[in-house]
Each structure stands twice: as structure tokens, then as C-alpha cells.
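Nothing in this text is a laboratory measurement; each read-out follows from the coordinates by a stated rule. Nothing here was measured: the structure is a model prediction, and the numbers come from that model. Cβ placement follows ideal geometry from the backbone for every residue including glycine, while neighbour counts extend to all protein chains displayed.
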Amino acid sequence: MENEKIADNGEWIVEVKSIEKSFGNVLALQGIDLRVAKGEFLTIIGPNGAGKTTLLKILSTLMKPSAGEGKVVGFSLKQEEENLRRSIGVLSHYTFLYENLTAYENLKFYGSLYDVKNIEREIKRVIQEVGLENRLHDTIRTFSRGMKQRVSIARCIIHNPLLLLLDEPYTGLDRWSGKKFTNILKRFHQGGKTIIMTTHNLSSSLELSDRIVILSSGTIVYEQQEVAKIELKELERLYP
């Protein structure tokens, strides 16, 4: 497959340059340059309004940049949106699950959108990944927030994407659910998945990431490629 060749050629999974986004007179992103390598876990932190969600929306082609250019999983942000979308998984503030359908029905529906082969096998694979085999045939409306989040990430990976984009995935999760979710992300990372996550959860950032970027007022103001050298107190001091 073409997508597999992209990942195996050693190219950057994400490579964007001079990305800007304006909303009227407000400049939400100001000349963002970003590269993410295959298998890397990048966490973007920053205060509300820093531009984190806007950047992820641009990387997933849900929003067009006002200026700048780039490629995600080898596809142009501006010219190859459909191919790009089929190669990524996106988890946002919303689960995009149908409450009156079961977990199985939701996963089968999304799998069909991506033309997933051997759909029954893949549903089994992803539901095991998130540890909800015993709830596969229960309706989503009976699930806790943490369980819905786990089904949602199963939705994100059913087509085996090259890149996961996670926008504030810990929102609404209690401590136990957050820990469970962290363990799931660790497995994905160890399995070679490339992940970009935005979060306010600084401790999880340190636990999971290969690299941390701080975004403030639409600009990258800090970057650390050796996360092991950062202590939580230091990160809290740097956090705008």
C-alpha cells in the first residue's frame, strides 16, 4: 500500500512550515514549523486559547490554514485531504459515537467507512486493545465517560492509521480512567504508533512523551526533545 511505503521510507510523518491561522483580526497560529518522526510521541501543552486545537484541526484537514504549507503522512494538507484523512485517527473533545448503538455496531459502522478488510477480526483486535471485550454488545449510552473514551480510541485505530491525533483526551476522565487510558497510549507507542497529543495533564506528558512542545499565543515558545531531563516542577514553571 502507498501509505505503508510513506512510513517505511523514513520520511517525516508530519512536516509543516509557516502555518498560520487567523479568525478575523485574531491570529490563532503564528508561523508554526513542526516535524514529527515515525514512531514519535509528541505532546503539545499550553493554556486555553494557545492554538492547540486549531493546530490539530489543520493537521487533520478539518480546518484550512490561512498561510503555510506541509504534508501529513506524505499527503499535502491542501491538495490530498481525502487520502490524508484515511491515514490518520482523530480523537477530539467529542467521541463521535452513536449512543443508541452498541460498541460493536459503532465500530462496524466506522470500519465500513474506511473499507476495513476482515472487519470482524479488526473489531475484535481493537476492542481487546482498549480492554472492553465484555461490553462489546452493550449500548454506548450505558457506558461511563472513561469507557466511551476507550471505545472512541478503538474507533480511531480500526483502520490501522499511521498517525493518531489526540485533542485533550483526558478531559472528563477520573483518575482510574485516566490511568487506564495512559496504559493504552503506552501500548500504542510501544507498538510503533506515531502520536500527537494536546493536553493540560503535565504528569502524563512526562510519562508518555518523547518530546514536549509548549504553545502560547499561537507560537511555539519551548521545545524539549529529551523528556527524561525534565522534572514536573520545571515543566510547571515553564507552563504559561
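The table that follows gives values for the structure above.
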quantity	calculated
The chain: angle of helix 119-129 to the longest principal axis, Cα-based, in degrees nearest 10	60 degrees
Greater than 24 Å apart at Cα, pairs in Lys108/Lys148; Lys78/Lys108; Lys108/Lys179; Lys148/Lys186; Lys71/Lys108; Lys64/Lys229	Lys78/Lys108; Lys108/Lys179; Lys71/Lys108; Lys64/Lys229
Candidates Glu226, Glu168, Glu11, ranked by Gaussian network fluctuation over the chain, Cα under 10 Å, top entry	Glu226
Cα→Cβ-extended label distance, 7 Å offset, between Met63 and Glu99, nm	2.6 nm
Helix 145-157 vs. the chain, principal-axis angle (Cα, 0 to 90°, nearest 10)	80 degrees
Sites Glu20 and Arg175, calculated FRET efficiency, Cβ-Cβ separation with R0 41 Å, nearest 0.05	0.60
Helix axis angle, 103-113 relative to the chain longest principal axis, alpha carbon, degrees	60 degrees
Relative contact order, percent, the stretch 97-160 [alpha-carbon distance under 8 Å, six or more residues apart]	49 percent
Taking the C-alpha atoms of the chain, convex hull volume expressed per residue in Å³	124 Å³
The chain - mean residue ellipticity at 222 nm from DSSP helices (-39,500 (n - 2.57) per run, n ≥ 4, rounded to 500)	-10000 deg cm²/dmol
